[in-house]
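Notes follow once the structure below has been shown.
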Amino acid sequence: MIRTTTLAVLLAASFSVFAAEQAKTKVDLTKAKEIAEGMCVACHGADGNSPAPANPILAGQIPEYLYKQLSNFKAVDGKPAVRNNAIMGGMVAALSDEDMKSLSVYFSQQKMKPSAAKEEKLLAEGKTLWRGGDFEKGIPACAGCHGPAGAGLPAQYPRLAGQYAEYTANQLKIFRSHERANDAEKVMRTIAGKLSDRQIDAIAEYAAGLR
């Protein structure tokens, strides 16, 4: 428990510094709308409401989180991207820092059309893990960082409420395999590494139904 708390504090501190740097960048919502309608629409929808569960809903997401992800997809100074994804890497290659900040704010201001839980049999287990974690396995409650209603915490933790269960489950699994490794202090890799496939699916289903 102490280890988990320490990781959470370190993550929060890193996001605070990140947010302070981000605030210095200008925002152009008109240009962001044009980029969204021309580049992002096919996978995420022009308003950030993805038409397919394989792609995340961006509408209503915390802007600092969106900006961090866009930045992590981008290769810089010849170094590989922190978050390796061929499609997103190609998309962000031509975007400036101002473009990414503007897109992040633009999508955060769009109204989310939330997904819904579909697997009723998983909801009770998901609720238990979300609210209380699994003490025996050393799994903290999801609500501790993402909030009881899954709203997240500005500049620190992403909103998960209403996100496609398929997308959330996939991200937890690639955190578990370390295929995704852009979490500060390995917080999500540490937690996901203790989760079974069923627990991941349960958490994802419960989060999809949160409002």
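The values are calculated or read from the model by the stated rules, or taken from the named source; none is laboratory data. On a predicted model such as this, the values are computed, not experimentally measured, just so you know. For neighbour counting, all protein chains shown are included, and Cβ atoms are generated from backbone atoms with ideal geometry for every residue, glycine included. Surface accessibility is based on the protein's heavy atoms, side chains included, excluding ligands, DNA and RNA. Shrake-Rupley method; radii C 1.70, N 1.55, O 1.52, S 1.80 Å.
Between the Cα long axis of helix 120-132 and the first principal axis of the chain there is an angle of about 90°, rounded to the nearest 10. Axis of helix 197-209 versus longest Cα principal axis of the chain: the two differ by about 60°, to the nearest ten degrees.
Taken one residue at a time, the phi angles of region 51-64 give Karplus couplings (6.51, -1.76, 1.60, θ = phi - 60°) of x, 10, x, 6, 10, x, 6, 9, 4, x, 6, 5, x, 4 Hz. Gly and Pro are set to x.
Which of rounded, prolate, oblate describes region 133-180, given a ≥ b ≥ c as roots of the alpha-carbon gyration tensor eigenvalues and a/c under 1.5 marking rounded, otherwise prolate only if a/b is larger than b/c? It comes out oblate by the Cα gyration axes. How much of the accessible area of the chain, in percent, comes from carbon and sulfur atoms when a 1.4 Å probe is used? Carbon and sulfur: 59 percent of the exposed surface of the chain. Derived scalar couplings between HN and Hα for region 96-111 equal 7, 4, 5, 4, 5, 5, 5, 4, 4, 5, 4, 5, 5, 8, 7, 7 Hz in order, rounded to whole Hz, by the Karplus curve 6.51 cos²θ - 1.76 cosθ + 1.60 (θ = phi - 60°), x for Gly and Pro.
Under a 5 Å amide H cut-off, with hydrogens placed 1.01 Å from N, Ile139 pairs with Asp134 among residues at least 5 apart or on other chains.
For region 160-172, backbone phi angles converted through the Karplus equation (6.51, -1.76, 1.60; θ = phi - 60°) give residue-by-residue couplings of 10, 4, x, 6, 4, 4, 4, 5, 4, 4, 5, 5, 4 Hz, Gly and Pro being listed as x.
Applying D = kT/(6 pi eta Rh) to the chain, where Rh is the Kirkwood radius over alpha-carbon pairs, T corresponds to 37 °C and eta to 0.692 mPa s, the Stokes-Einstein value obtained is 188 µm²/s.
Quick one: if the Förster radius is 30 Å, what FRET efficiency do Glu34 and Leu153 give, using the C-beta to C-beta distance and rounding to 0.05? So, using R0 = 30 Å, E works out to roughly 0.50. Listed by chain and number, the aspartates and glutamates whose C-alpha is less than 14 Å from the C-alpha of Lys33, apart from same-chain residues fewer than 8 away, are Asp47, Glu98, Asp99. For the chain, the mean residue ellipticity at 222 nm estimated from helices alone is -15500 deg cm²/dmol, where every DSSP H run of n ≥ 4 contributes -39500 (n - 2.57) and the total is divided by all residues, rounded to the nearest 500.
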